[in-house]
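Peer 1: Let me begin by handing over the structure; questions about it come next.
The values are calculated or read from the model by the stated rules, or taken from the named source; none is laboratory data. Predicted, not measured: the structure shown is a model, and the values here were computed from it. With ideal geometry, Cβ positions are generated from the backbone for all residues, glycine too; neighbour counts draw on all protein chains shown. Calculation scope for accessible area: heavy atoms of the full protein, side chains included, ligands and nucleic acids excluded. Shrake-Rupley method; radii C 1.70, N 1.55, O 1.52, S 1.80 Å.
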Amino acid sequence: MENRILCSFQAYSTDVCVPISRLPQIIVETKEDLIRNNLTGPIAGHVGDGNFHCIMVLDPNDEDEVQRVHSFTERLARRALAMDGTCTGEHGVGLGKRALLKEEVGPMAIEVMQRLKATLDPQNLMNPEKVLELTQINSPD
């Protein structure tokens with residue numbers, strides 16, 4: 001007879017990037033944050049470019065744990081920004097880091113991105129509503 005273990009755990013991955021000189025500090029602080037908030041997940045990095053990933057294991061049915069993971073990822077991104085890094089290294093901005101991108105690059109850069117998006121994708125077919133909100137995109141003058 002075959003034994004099966006059903007598990008509802010899922011992985012939640014995020015990444016940030018900092019100057020290499022700040023990488024040891026952010027990794028130590030991130031590990032302490034994971035421990036302090038009772039979160040489970042390895043840290044894997046691209047040591048040569050300052051980019052690293054946290055892959056948390058969580059139970060999506062545990063609302064408290066899901067909230068702790070989301071709070072952790074925001075703290076991680078803000079920690080990277082405070083160290084002259086970026087809120088994402090290679091995973092992209094998407095819905096979760098849209099507000100952080102605005103803080104990172106400022107309103108002028110967001111406007112340039114919106115105008116480029118409107119020019120290159122006037123029908124908003126490519127990743128609609130992922131990084132730039134549709135209501136923010138104006139057609140080029």
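Peer 1: If A77 passes every condition in (1) farther than 30 Å from P128 by Cβ; (2) surrounded by 13 or more Cβ atoms within 10 Å (Cβ to Cβ); (3) in contact (Cβ under 8 Å) with a residue 24 or more places away in the chain but one, which one does it miss?
Peer 2: For A77, the exception is condition (1).
Peer 1: Separate question: List the pairs whose first member sits in the range 103-129 and is over 27 Å from R79 (Cβ atoms), whose second member is aliphatic (A, V, I, L, M) and outside any helix (DSSP H, G or I), and whose Cβ atoms are under 6 Å apart, counting only residues at least 6 apart or on separate chains?
Peer 2: Hits for this filter: Q114/L132; Q114/I137; K117/L132; K117/I137; A118/I137.
Peer 1: Kindly provide the set of residues from the range 13-55 that are in a strand (DSSP E or B) and either open to solvent by 80 Å² or more (accessible area, probe 1.4 Å) or in contact with a Pro (Cβ under 9 Å, 6 or more places away or on another chain) (or both), ordered by number.
Peer 2: Initial filter on the range 13-55 (in a strand (DSSP E or B)): 13-17, 40, 43-46, 51-55.
Once the filter is applied, which keeps residues that are in a strand (DSSP E or B) and either open to solvent by 80 Å² or more (accessible area, probe 1.4 Å) or in contact with a Pro (Cβ under 9 Å, 6 or more places away or on another chain) (or both), the range 13-55 yields T40, H53, C54, I55.
Peer 1: Continuing with this model, one more query. Is it the case that the range 57-66 has a residue that's more than 25 Å from P19 (Cα to Cα), open to solvent by 60 Å² or more (accessible area, probe 1.4 Å) and either basic (K, R) or touching a Ser or Thr at 6+ places or on another chain (Cβ under 8 Å) (or both)?
Peer 2: The initial filter retains those residues of the range 57-66 that are more than 25 Å from P19 (Cα to Cα), namely 57-66.
In the following step, the residues that additionally are open to solvent by 60 Å² or more (accessible area, probe 1.4 Å) were identified as 57, 61, 63-64.
Cutting the leftovers down to either basic (K, R) or touching a Ser or Thr at 6+ places or on another chain (Cβ under 8 Å) (or both) gives us 57, 61.
Yes; the residues of the range 57-66 include at least one that is more than 25 Å from P19 (Cα to Cα), open to solvent by 60 Å² or more (accessible area, probe 1.4 Å) and either basic (K, R) or touching a Ser or Thr at 6+ places or on another chain (Cβ under 8 Å) (or both).
Peer 1: Looking at (1) at pLDDT 90 or above; (2) in contact with a helix residue (DSSP H, G or I) (Cβ under 6 Å, 6 or more places away or on another chain), find the lone condition where L132 falls short.
Peer 2: For L132, the failing item is (1).
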